[in-house]
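S.K.: First the structure, which I've put down as structure tokens, then a few questions once you've had a look.
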Amino acid sequence: MVVSLTLVEKKLSADRPADSDPPVHSPLFVIVFTSVCLLVVIVARLWFSTDSSVVNVSSEVMSIVSFVHGMTLFVFLGRDRITMPGYFMASSAAIVGISGLLVIPDPYFIEGARPEVYLNAALFASTLTQIGIGALCLRSDSTGRPEPVVLPLRTVQWAQGTGAVVLTIAAVLGDRLEPVLDGVGFSAILLICVATLLSPKGLQSVWNIVLVLGALVTYPTLIISGTGRLRAIALILALAYVFFLRYGRRWMKTVGVILAPILLAGLGAWRKEYEVSLSGDYGNDTGLSSMFVAIGNFGSLIHDSELGRLPTLGASLLSPLRSALPDDLAPHWIPEAIGYELAALTDPELYGTGFSTVASIYGDLWWNFGALGLVIGVPLLALMLDRIDVWTVRSYRRAAQGPRDLLYFVFFASLLGGVGDIVWAGFHTWIVRMYARIAALLLLWAVTFYSPAQIFPSYVSFGTQERRTSPRCSLSRTSIHSE
């Protein structure tokens with residue numbers, strides 16, 4: 001295990017941009033912070049194991065540690081910018097930490113004679129895994145906020161115009177575009193907002209601020225209409241990531257942590273209002289039942305494992321392939337998504353009706369490989385989060401080279417913004433929700449091969465420009481500017 005973690009740390013440090021900064025978190029800080037969090041969680045678990053009457057107190061301690069640990073790393077990682085590992089930590093703080101605190105008073109939906117015991121086990125396993133991932137991400141954190149990228153005005157105009165046309169078509173067609181409506185609207189809005197944020201004037205222009213806010217408002221009102229809170233969060237996270245690349249400061253992240261409970265309460269009220277409008281009733285006073293059900297269902301999985309259910313050995317990781325194929329062409333050996341299979345355990349009366357539920361990324365790992373899945377998931381998730389973050393920063397540095405490079409950056413931003421889907425539901429939801437977004441971006445990519453010459457005849461090229469400048473040319477330019 002020690003050897004594998006060492007290899008992952010080396011991989012996390014390799015293949016970074018040449019101008020990356022050195023690691024900013026000392027080994028002593030990483031060790032002390034991680035050790036304190038681990039010690040508190042382990043002591044809380046041991047306390048419960050020796051005195052079963054303190055199970056709720058033990059669970060509360062773990063939930064608080066998950067929240068504090070996750071939000072602290074969100075602020076620390078990346079310094080002035082936001083990172084994908086930081087988003088993962090903040091999402092885990094909500095899905096594990098806050099959810100745990102909400103479920104502890106009444107864990108009625110968890111399977112088992114003593115549901116509070118299995119909730120405690122789920123919180124223990126999830127928080128330990130979160131802390132392990134956080135330690136590796138802290139150790140490899142080195143890329144600070146890069147130099148701001150400013151797009152050429154013609155690229156901005158193309159992105160805003162094309163995005164507006166696609167968004168209008170999506171809004172007019174509405175449900176007739178299902179199941180790609182969300183992805184098309186998401187990609188169009190993100191393209192408009194990213195181009196506006198990276199425009200020459202950026203947010204210094206009141207018009208640009210109005211344009212960004214207006215585009216964002218169309219998503220919950222015209223595209224998803226009351227459903228899909230995590231889709232809305234994914235759009236906000238992707239846009240916030242881009243905002244911090246140009247304007248970010250660490251104190252802004254601290255403000256975001258403070259405002260997070262208000263955002264969650266607002267999303268809960270939105271969901272509750274939507275449920276009332278449909279059926280006249282709602283499932284939970286907070287409106288956040290779909291958020292905190294994940295940690296509870298993980299507890300049900302642990303109970304089911306004690307009864308003899310064997311891990312799927314990774315079979316459910318193939319389920320996104322089934323969603324990509326028509327039902328008639330999908331091979332029988334590709335399993336259904338874990339959410340549909342979980343329904344047989346958590347809501348047997350709804351099994352087979354199309355109902356699905358979630359058990360968090362930690363439950364997803366447990367479903368596939370048991371406790372070993374959590375151990376393996378620590379280095380692999382840390383590596384995945386770091387790589388996507390590095391690739392996103394690289395694509396950002398190249399975004400000004402033309403619309404195709406801008407679309408490449410928008411793709412990575414949307415991929416990164418979906419980190420909440422990973423933590424809440426696992427890999428299947430994250431991957432499947434990207435299908436329509438990728439399709440929309442590919443369509444926009446294809447447009448760049450035909451429209452620029454007619455729309456912008458004075459623009460030299462919408463293709464990829466030369467990526468490297470000769471040292472002599474760079475030296476010449478430096479001399480001219482220095483004079």
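The values are calculated or read from the model by the stated rules, or taken from the named source; none is laboratory data. Given the structure is predicted, the values throughout are model-derived calculations rather than measurements. Neighbour counts run over all protein chains shown; Cβ positions are idealised from the backbone, glycine included. These accessible areas exclude ligands, DNA and RNA; they are computed on the full protein's heavy atoms, side chains included. Shrake-Rupley method; radii C 1.70, N 1.55, O 1.52, S 1.80 Å.
S.K.: What relative contact order, as a whole-number percentage, does the range 382-449 give when Cα pairs under 8 Å and 6 or more residues apart are counted?
M.R.: 27
S.K.: Add +1 for every Lys or Arg and -1 for every Asp or Glu among the other residues with Cβ under 14 Å from the Cβ of Gln160, and state the total.
M.R.: That sum, taken over residues with Cβ under 14 Å, equals +2.
S.K.: For the range 325-456, what does the alpha-carbon gyration tensor say about shape, rounded, prolate or oblate, given a ≥ b ≥ c as the root eigenvalues, a/c under 1.5 as rounded, and a/b over b/c as prolate?
M.R.: oblate
S.K.: Which whole-Hz couplings ³J(HN,Hα) result when phi for each residue of the range 433-442 is put into the Karplus expression 6.51 cos²θ - 1.76 cosθ + 1.60, θ = phi - 60°, listed in order with x for Gly and Pro?
M.R.: These are the phi-based 3J(HN,Hα) values: 5, 7, 4, 5, 5, 5, 4, 5, 5, 5 Hz.
S.K.: Decide, for the range 53-182, between rounded, prolate and oblate: order the square roots of the alpha carbon gyration tensor eigenvalues as a ≥ b ≥ c, take rounded if a/c falls under 1.5, and otherwise choose prolate if a/b is larger than b/c, else oblate.
M.R.: Since a/c reaches 1.5 but b/c is at least a/b, the shape of the range 53-182 is classed as oblate.
S.K.: Could you let me know the centre-to-centre spacing of the range 149-190 and the range 319-382, using Cα atoms, in angstrom?
M.R.: Value for the Cα centre distance between the two parts: 31 Å.
S.K.: If you take the square roots of the eigenvalues of the alpha-carbon gyration tensor of the range 376-438 and sort them as a ≥ b ≥ c, do you get rounded (a/c under 1.5), prolate (a/b over b/c) or oblate?
M.R.: oblate
S.K.: Quick one: 3J(HN,Hα) in Hz for the range 32-47, Karplus 6.51/-1.76/1.60 with θ = phi - 60°, rounded, Gly and Pro as x.
M.R.: Result, ordered by residue: 5, 4, 5, 5, 4, 4, 4, 4, 4, 5, 5, 4, 4, 5, 5, 4 Hz.
S.K.: Now, a different point. Rank by packing, highest mean first: peptides 60-72, 78-90, 204-216, with packing defined as the count of other Cβ atoms within 10 Å averaged across residues.
M.R.: The densest-packed peptide leads the list: 78-90, 60-72, 204-216.
S.K.: Further question: How do Val103, Val117 stack up against each other in accessible area, from largest to smallest, with a 1.4 angstrom probe?
M.R.: Val117, Val103
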